[in-house]
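The values are calculated or read from the model by the stated rules, or taken from the named source; none is laboratory data. Given the structure is predicted, the values throughout are model-derived calculations rather than measurements. We place every Cβ from the backbone using ideal geometry, glycine too, and count neighbours over all the protein chains shown.
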Amino acid sequence: MTSNSARTRPRRSMLYMPSSNARALDKAKTLPADGLILDLEDAVAPEAKTSARAAAVSAANSKAYGAREILIRVNGLDTQWFRDDLAAVAGSAADGVVVPKINTPDDLRHIDEILRAAGARDDLKLWPMMETPRAILAADAIAAASPRLAGFLMGTADLAKDLHCAHPADRAPMLYALQRCILAARAYGLLILDGVHVDIDDEAGFALACRQGRDLGFDGKTLVHPRQITGANAAFAPSPAELEWARRLVAAHKEAAAQGQGVTLLDGRLVEVLHVQQAQYLMAQAEAISALERV
């Protein structure tokens, strides 16, 4: 289960970066993304896999990215690079490893065994990508498969391909899959990040996907281009109006508690403990975002 501090750590914008591109890795040091996913899979040509692996590990070990969360996406279980990728990440300073094309809980248990054998730290986290029909159907079992799990990453592009469905901005054809994964993640205290919006020129569609993602309950969004960072950061952060309401709500509940009342009214709305907890989470989230942006 994810701790409260891990839950409030900002993950509004998690940007995929090709580890074979030295200029991109250098540029990432100045980007306002909450986290980076150093990619060894889709963004790297076969002939560059080995050098990209070394570059990703070097970048993670450099500590040159400030307080950003650093994840490394390895190649899939059925590839020739998988074991070497995992072994390299196991010995790195990365915060976590992203594993694509997960299908079953046994896949995660197998990965956990490889990481332990390679000497991985106990706090090296696993982020399975939920992007196949089999993974979606097994979401609850996958969520319970390993104590290393931090959360799910949705792979909506690959999922749409496998489902033979359209992939519009509102993701209507795959809403069941998204909500099933959100339900499983929350049932087991995990985080969950929304999939990418691949059309970087479609600003309106991206904004719609971000709003929908936050409304559905995602903790943030994975991104394919730096131009998407600002929009994701705004969409997945508490708004000034939300924060003002949260502060007023907490204050009203505190005053009511001091008078021996378990519930109170604020602007005609009933305030209970569950509302206070959500308000406190929003305030903690805003503080965590502010702290990250000050670094």
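Being within 22 Å of Thr222 (Cβ to Cβ), in a helix (DSSP H, G or I) and in contact with a strand residue (DSSP E or B) (Cβ under 8 Å, 6 or more places away or on another chain), is that true of even one residue in the stretch 40-51?
Restricting attention to the stretch 40-51, the residues satisfying the condition of being within 22 Å of Thr222 (Cβ to Cβ) are 40-45, 48-49.
Restricting the remaining residues to those that are in a helix (DSSP H, G or I) gives 48-49.
If we keep only those that are in contact with a strand residue (DSSP E or B) (Cβ under 8 Å, 6 or more places away or on another chain) as well, we get none.
No, that holds for no residue.
Considering only residues that are among the aliphatic types (A, V, I, L, M), exposed (fewer than 11 other Cβ atoms within 10 Å of the Cβ) and more than 30 Å from the chain's Cα centre (by Cα), which ones fall in the stretch 266-288?
If the condition is that a residue be among the aliphatic types (A, V, I, L, M), exposed (fewer than 11 other Cβ atoms within 10 Å of the Cβ) and more than 30 Å from the chain's Cα centre (by Cα), then Leu270 is the only one that fits.
Criterion first (at pLDDT below 95 and either in contact with a Phe, Trp or Tyr (Cβ under 8 Å, 6 or more places away or on another chain) or assigned to a loop (DSSP other than H, G, I, E, B) (or both)) does Asp123 satisfy it? Please lay out each step first, then the result.
On the way: at pLDDT below 95: no; either in contact with a Phe, Trp or Tyr (Cβ under 8 Å, 6 or more places away or on another chain) or assigned to a loop (DSSP other than H, G, I, E, B) (or both): yes.
When the stated conditions are applied, Asp123 does not pass them.
Can you pull out the residues in the stretch 17-34 that are part of a helix (DSSP H, G or I), under 13 Å from Pro226 (Cβ atoms) and of a type in the set (A, V, I, L, M, F, W, C)?
Ala24, Leu25, Ala28
In the stretch 163-207, how many residues are out of contact with any Ser or Thr (no Cβ under 6 Å at 6 or more places or on another chain) and not in a loop (DSSP other than H, G, I, E, B)?
Selection size over the stretch 163-207: 24.
Filter the stretch 42-60 down to the residues that are surrounded by 24 or more Cβ atoms within 10 Å (Cβ to Cβ) and within 20 Å of the chain's Cα centre (by Cα), then identify the one that is nearest to Arg73 (Cα to Cα).
Among those that are surrounded by 24 or more Cβ atoms within 10 Å (Cβ to Cβ) and within 20 Å of the chain's Cα centre (by Cα), it is Ala56.
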